[in-house]
Amino acid sequence: MAEDAMRFAVVCSSNQNRSMEAHSFVSKKGFNIKSYGTGNMVKLPGPAPDKPNIYSFCTTYDEMYKDLMKKDYELYTQNGILHMLDRNRRIKSNPERFQGCNERFHIVITCEERVYDQVIEDFESKESSNEQAVHIINIDIQDNHEEATIGAFMICELVTMLDATEDLDNDIDEILQEFEQKVNRPVLHTVMFY
């Protein structure tokens, strides 16, 4: 990967489903991408809607996998959680919080408006030197396996379009308008600074 390659981040709430599906798919296309979550804890579906499995961000995907396998192998195989965790542990060791990240990106893509707001809030809470612009873009993607797969294709398409431009700051509005019409989903966009 070139030293000056565009750097992308994709962010959802728990760094499990949507962001990791996009991370996996887009990185296989050769792009420089990382994934994060913005929640305080990592939440995975449990045996009932009011009984989620909750982990800290420093819990590894492997530990989560083994824990859920012990709890109810049948349930977590059937609902796809073990498959998802298996994919995740092949990409990186554990989920990461965006708010604890010190890396700089050109583009941060969020998967829901609440996460978009949390990313903006994080930038606003930090001391900015206004030296590097970062484009924060939101595409709403429901948090289920099917939508995560569709979302990964959409994010890859957007990343490909953005990476192809010679002048990101000048061309981004036009690119986002074209992308929005193509995928028929509203896109939010703002510029923050590191």
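The values are calculated or read from the model by the stated rules, or taken from the named source; none is laboratory data. These numbers were taken from a predicted model, which means no experiment stands behind them. Every residue, glycine as well, gets a Cβ built from its backbone with ideal geometry; the counts of neighbours run over all protein chains shown. Only protein heavy atoms, including side chains, enter the accessible area calculation; ligands, DNA and RNA are left aside. Shrake-Rupley method; radii C 1.70, N 1.55, O 1.52, S 1.80 Å.
Taking amide H as placed 1.01 Å from N in the peptide plane, the amide H of Thr110 sits under 5 Å from that of Val11, Ile137, Asn138, Ile139, each at least 5 places away or on another chain.
Which whole number of Å³ per residue matches the convex hull of the alpha-carbon atoms in the stretch 153-194?
Working: hull volume 3.4 nm³, N = 42.
Spread over its residues, the Cα hull of the stretch 153-194 gives 82 Å³ apiece.
Here Phe193 and Ala48 are evaluated by their C-beta separation; at R0 = 41 Å the FRET efficiency comes out at 0.40. Of the residues Val108, Asn79, Ile136, the one whose Cα sits farthest toward the positive end of the charge dipole of the stretch 69-147, with +1 on the Cβ of Lys and Arg and -1 on the Cβ of Asp and Glu, is Asn79. Think of each Lys and Arg Cβ as +1 and each Asp and Glu Cβ as -1; about the Cα centre, that makes the dipole of the stretch 50-194 roughly 920 debye. In the elastic network of the chain, a GNM with C-alpha springs shorter than 10 Å, the most mobile of Gln16, Gln142, Gln177 is Gln177.
Compute the longest continuous run of the chain that contains no exposed GluC sites (Glu not before Pro); treat a site as exposed when its DSSP state is not H, G, I, E or B and it has at most 11 other Cβ atoms within 10 Å. No qualifying site falls inside 4-102, the longest such stretch.
In order along the stretch 179-186, the Karplus-derived 3J(HN,Hα) couplings, from 6.51 cos²θ - 1.76 cosθ + 1.60 at θ = phi - 60°, round to 5, 4, 5, 5, 8, 6, 9, x Hz, and Gly and Pro are given as x. Other residues with beta-carbon under 11 Å from the beta-carbon of Phe31 carry, at +1 per Lys or Arg and -1 per Asp or Glu, a net charge of +3. Calculate what fraction, in whole %, of the accessible area of the stretch 152-194 sits on carbon and sulfur atoms when a 1.4 Å probe is rolled over the protein chains. Carbon with sulfur: 44 percent of the solvent-accessible area. Need one number: nm distance between label points at Glu124 and Glu103, each 7 Å from Cα along Cα→Cβ, rounded to one decimal. My value for the distance between the label points is 2.6 nm. Per-residue surface analysis assigns Arg104 an accessible area of about 80 Å², computed on protein heavy atoms at 1.4 Å probe radius. Counting only protein heavy atoms and a 1.4 Å probe, the chain has 53 square angstrom of accessible area per residue.
3J(HN,Hα) couplings calculated from phi for the stretch 36-48 with the Karplus curve 6.51 cos²θ - 1.76 cosθ + 1.60 (θ = phi - 60°) are, in sequence order, 8, x, 10, x, 7, 9, 8, 10, 10, x, x, x, 8 Hz; Gly and Pro show x. Among Ala152, Ala48, Ala164, which one moves the most in a GNM of the chain with springs linking Cα atoms closer than 10 Å? With Cα springs under 10 Å in the chain, the top fluctuation among Ala152, Ala48, Ala164 is at Ala48.
Simple rule: put +1 on each Lys or Arg Cβ and -1 on each Asp or Glu Cβ in the chain, find the dipole, and look at Val159, Phe193, Tyr61; the Cα lying farthest toward the positive end is Tyr61. The residues Asp173, Asp86, sorted by heavy-atom accessible surface at 1.4 Å with ligands and nucleic acids left out, run Asp173, Asp86 from largest to smallest.
One chain, two ends: Lys66 and Ala164. Fully extended at 0.36 nm per residue, the span grows by 31.2 nm beyond their Cα-Cα distance.
Among the listed values [x] 1.03; [y] 0.98; [z] 0.95, the one matching Rg/Rh (Cα atoms, Kirkwood Rh) as calculated from this structure is [y]. Spin-label model, Glu157 to Lys182: label points 7 Å out along the Cα-to-beta-carbon direction sit 0.6 nm apart. Take the cross-link list Lys70/Lys92; Lys34/Lys126; Lys51/Lys182; Lys51/Lys126; Lys29/Lys182 and give me the ones stretching past 32 Å between alpha-carbons. The pairs that break the limit, which is 32 Å between Cα atoms, are Lys51/Lys182; Lys51/Lys126.
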